[in-house]
Amino acid sequence: MNDDPTRRLYLDALMEGTEPPETSLRPLVLTAARARRRPAAATSGWTAPFAGRIAAMDAVLGEATDQDWGRQVVEGWTLQELLAHLAAKDGLVSLSVDAPVLGPPVTVNEGLARTAELQEYERRRAPDQTRRDWRTQADALCRHLASVAPDTPSETGGFTMPVVDHLLARGLETWIHTADAAGVLGVSLPHPVPGHVEVTADLCARLMPLAMRLSGHRVPEGRAVRLALTGPGGGLWHVPLHLGGRAVRGDGPAEATVTCDVVEFCFLVGGRGDPGGFAAGVEGDAGLARELLHAAPALSGP
Amino acid sequence: MEAPVEDDRLLHQRVVGGEETALGEIYDRFAPLVFGLAVRITRDRVVSEDITQEVFITFWERPLAFDPGRGSLRGWLATIAHRRAVDHVRTQERRKASVIGPRLLEPEPERLEDAVLSRYEADGVRTAVGKLPDDLREVIELAYYRGRTYRQVADDLGLPEGTAKSRIRMGLRRLADALAEEGA
């Protein structure tokens, strides 16, 4: 009934009301809100995209009933086990930069092994304890990184990248699993703000040369794709596909143009969606474009 | 005036992402509306401040209960405020063991969006419009009931656009006053 003119008039008139609440109410509201739901650990700087996804997952968890915690979400994991998985991988990034690692000591620095270890530990705890542990781990990592340079090398799970890229990857994985959880709970999950989508898409574009190599393509230097990502946070990327090629924002000589939705592309790279049936417009070398789309999920895991 | 949907979407994304400053912006934009609505129903400023606080805290705590694809943020907040205010009045009425007045007899809304304005209250709004001075009633009727834009209202009446805009605002303010007094 948003279109009902009387309703619209009524709300418009109330917004022009001349007796607002006391000014002292505003700080009370903000303080009380903070106590009810923890704000993101960072809302600016390079850790903000990750911190935002943690806060969003926490909001989804706030919608879960007691029964929901035992429901399988993805990979045969319950919501509680999924959180332990996320905490395990956040913890490995923490380990790489000497930030606090929660839970039992890390015996193997590898994602799935650590996941199993932490799931074993968390299964013996109540879901809200697991939720608290996961959030505490993520926030501790953010706090620690506030004084770390983003290009600091980090070796996480046997894979070395600047720590900012590991954190963006953590943000993407958290986002994707939040969407998994939201789907099971029947909650509609909004996208991250466009600025956070953009840096995530940038990481995905930059991972493409490696994804091509992992998929068995030995691409000679000079072959490149123009990635036209649509929607808020999208844009144009020039993506050289040879190993060591560096994707950059903007345009350049390319043999194919792949046009698709920016969020769908991020999710494809994160292992969601079928590369064969992926909705993308292709111009130029269709074979190369297809190779890229099929290679895109190569770096994704559970 | 109703904010564009894209604005709502971005604010919602920011709140879901845990950005406290977004809640501050939402509060600044909608607190007068939420508070005014609560005062209108409860006739009690102290209770209305409690309701205002609870509306914004609830939105922050459970932002996913709102879906910008299904309605405006303004409408959502107004709906929660309306419900809480009506609940309060009902509790009071029950406590006084008095007969529940006709304005509280509205049926439980199936769709949240319908909840803010009962037929009884809508009649009150239309009556208040009818009592506006001619020049203000004219612009309000054109802008709301004939779907004219500010520009068109100005053209229809041969007024500069700024004058048409300020007349509409004045009309809205008069209406707000009339609604606040009505039934008091």
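The values are calculated or read from the model by the stated rules, or taken from the named source; none is laboratory data. Owing to the predicted nature of the structure, the values given are computational and were not obtained by experimental measurement. Cβ atoms come from the backbone with ideal geometry, glycine included; neighbour counts cover every protein chain shown.
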* Can A:Val262 be described as surrounded by 17 or more Cβ atoms within 10 Å (Cβ to Cβ), among the aliphatic types (A, V, I, L, M) and at pLDDT 95 or above? -> yes
* Members of segment B:1-58 found to be surrounded by fewer than 21 Cβ atoms within 10 Å (Cβ to Cβ), without any contact (Cβ under 8 Å) to a residue 12 or more places away in the chain and among the β-branched types (Val, Ile, Thr), listed by number -> B:Thr21, B:Val46
* May I ask you to list the residues in segment B:129-173 that are farther than 15 Å from A:Arg8 by Cβ and either hydroxyl-bearing (Ser, Thr, Tyr) or not in a helix (DSSP H, G or I) (or both)? => B:Lys131, B:Leu132, B:Pro133, B:Gly158, B:Leu159, B:Pro160, B:Thr163, B:Ser166
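Results for (1) assigned to a helix (DSSP H, G or I); (2) touching a Ser or Thr at 6+ places or on another chain (Cβ under 9 Å); (3) crowded, with 19+ Cβ neighbours inside 10 Å; (4) among the aromatic types (Phe, Trp, Tyr), shown as yes or no for each residue.
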position: A:Asn109; (1), (2), (3), (4): no, yes, no, no
position: A:Arg114; (1), (2), (3), (4): yes, yes, yes, no
position: A:Thr130; (1), (2), (3), (4): yes, no, yes, no
position: A:Ala140; (1), (2), (3), (4): yes, yes, no, no
position: A:Thr160; (1), (2), (3), (4): no, yes, no, no
position: A:Thr178; (1), (2), (3), (4): yes, no, yes, no
* Only listed residue being in a helix (DSSP H, G or I), in contact with a Phe, Trp or Tyr (Cβ under 9 Å, 6 or more places away or on another chain), crowded, with 19+ Cβ neighbours inside 10 Å and hydrophobic (A, V, I, L, M, F, W, C), chosen from A:Leu288, A:Leu293 -> A:Leu293
* Structure fact -> Being within 14 Å of another protein chain (Cβ to nearest Cβ) and surrounded by fewer than 18 Cβ atoms within 10 Å (Cβ to Cβ) narrows A:Gly231, A:Gly244 down to just A:Gly231
* Mind checking whether some residue in segment A:61-73 is assigned to a strand (DSSP E or B), more than 14 Å from chain B (Cβ to nearest Cβ) and buried (at least 19 other Cβ atoms within 10 Å of the Cβ)? -> yes
* Structure fact -> Per the filter on segment A:44-60, residues at the interface with chain B (Cβ under 8 Å from one of its Cβ atoms) and within 19 Å of A:Pro162 (Cβ to Cβ) are A:Ala51, A:Arg53
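This table checks each residue for (1) β-branched (Val, Ile, Thr); (2) in contact with a Phe, Trp or Tyr (Cβ under 8 Å, 6 or more places away or on another chain); (3) part of a helix (DSSP H, G or I).
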| residue | (1), (2), (3) |
| --- | --- |
| A:Tyr10 | no, no, yes |
| A:Ala32 | no, no, yes |
| A:Ala35 | no, no, yes |
| A:Ala55 | no, no, yes |
| A:Val93 | yes, no, yes |
| A:Ala99 | no, no, no |
| A:Leu118 | no, no, yes |
* Asked: Regarding A:Thr23, is this residue in a loop (DSSP other than H, G, I, E, B), more than 8 Å from chain B (Cβ to nearest Cβ) and among the β-branched types (Val, Ile, Thr)?
  -> yes
* Structure fact -> Within segment A:175-216, residues within 14 Å of another protein chain (Cβ to nearest Cβ) and among the charged types (D, E, K, R) come out as A:Glu198
* When you go through B:Arg74, B:Arg84, B:Arg40 one by one, which is the residue that is facing chain A (nearest Cβ under 7 Å) and either closer than 22 Å to B:Ala122 by Cβ or assigned to a loop (DSSP other than H, G, I, E, B) (or both)? -> B:Arg74
* **A:Val97 being touching a strand residue (DSSP E or B) at 6+ places or on another chain (Cβ under 9 Å) and either surrounded by fewer than 19 Cβ atoms within 10 Å (Cβ to Cβ) or not basic (Lys, Arg) (or both)** => yes
* To do: Starting from residues that are among the small types (Gly, Ala, Ser) and exposed (fewer than 15 other Cβ atoms within 10 Å of the Cβ), keep the ones in segment B:152-180 and report whichever is farthest from B:Ala122 (Cα to Cα).
  => B:Gly158
* So which of A:Thr174, A:Thr156, A:Thr107, A:Thr115 is under 22 Å from B:Gly17 (Cβ atoms) and among the β-branched types (Val, Ile, Thr)? -> A:Thr174
